[in-house]
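A short reminder: the numbers here are calculations on the coordinates, not readings from a lab. All values derive from a computational prediction rather than experimental measurement. Every residue, glycine among them, receives a Cβ derived from its backbone with ideal geometry; neighbour counts consider all protein chains shown.
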Amino acid sequence: MDGLYRLDVEGEPEPVADTLAWAEWMEQGERVVLQTQVGPHCRVSTVFLGIDYFGGALAPILWETMVFGGALNYAQRRYRSKLEALHGHLAMLALAELAAHAPRRLKKTIRKQATYQRLRPREEQRVVRAARRAEGQLQRILQELD
């Protein structure tokens, strides 16, 4: 079966021809890249998939970030490299944290952004304003800690 991958000792994907060897590695290999808890009911998880589900001419899509719980429940994004996946995890984490403290109307807009849906200009403005408010609150908290 084509499109099966595992991670080598440096953490880089390598194709695997033997389905049984791939299945054993998937069972025992370290596939979790990052997992971050956002509040008591939301977790952002980035993992190595091991299968190129899309099988295109470009580099295989082998990593995925998914949100479990909260306003962005089951929102996901997929990536072609581990570096992209790390950046994507941080971006999804920021959206999940923003959604956790946002009013209901804004949560829907943030969910659209997290799932690559096109935002209307007003929705985009709402997300930007909320992100600025959250950044301001974070700065105030950090100043109080100093």
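Quick check on the chain: helices-only [θ] at 222 nm, where DSSP H runs of length 4 and up contribute -39,500 (n - 2.57) each and the sum goes over total residues. Nearest 500, please. Show your work: numbers first, answer last.
Details: 4 runs with 65 residues, N = 146.
Rounded to the nearest 500, it is -15000 deg cm²/dmol.
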The stretch 1-96: relative contact order as a whole-number percent, Cα under 8 Å and 6+ apart: 22
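So if I place +1 on the C-beta of Lys and Arg and -1 on the C-beta of Asp and Glu, and nothing else carries charge, what would the dipole magnitude of the stretch 62-146 be about its Cα centre? I want it in debye, nearest 20.
Details: 18 positive and 8 negative charges, 129 e Å.
Roughly 620 debye, rounded to the nearest 20.
Starting from the Kirkwood Rh over alpha-carbon pairs, what translational D in µm² s⁻¹ does the chain have by Stokes-Einstein at 4 °C and 1.567 mPa s? Write out the running numbers ahead of the final one.
On the way: Rh = 16.9 Å.
The estimated diffusion coefficient comes to 77 µm²/s.
Please report, in debye to the nearest 20, how large the charge dipole of the chain is about its Cα centre when each Lys and Arg carries +1 at its beta carbon and each Asp and Glu carries -1 there. Present the calculation step by step, with values, prior to reporting the outcome.
Details: 21 positive and 18 negative charges, 339 e Å.
Here the chain has a charge dipole of around 1620 debye.
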³J(HN,Hα), Karplus 6.51/-1.76/1.60, whole Hz, each residue of the stretch 84-97, x for Gly, Pro: 4, 5, 5, 5, x, 4, 5, 5, 5, 4, 4, 5, 5, 5
Among Thr65, His101, Ser81 - extreme Cα towards positive end, dipole of the chain, charges at beta-carbon: His101
From phi via Karplus (6.51, -1.76, 1.60), per-residue ³J(HN,Hα) for the stretch 46-52 in Hz, x at Gly/Pro: 10, 9, 7, 7, x, 9, 8
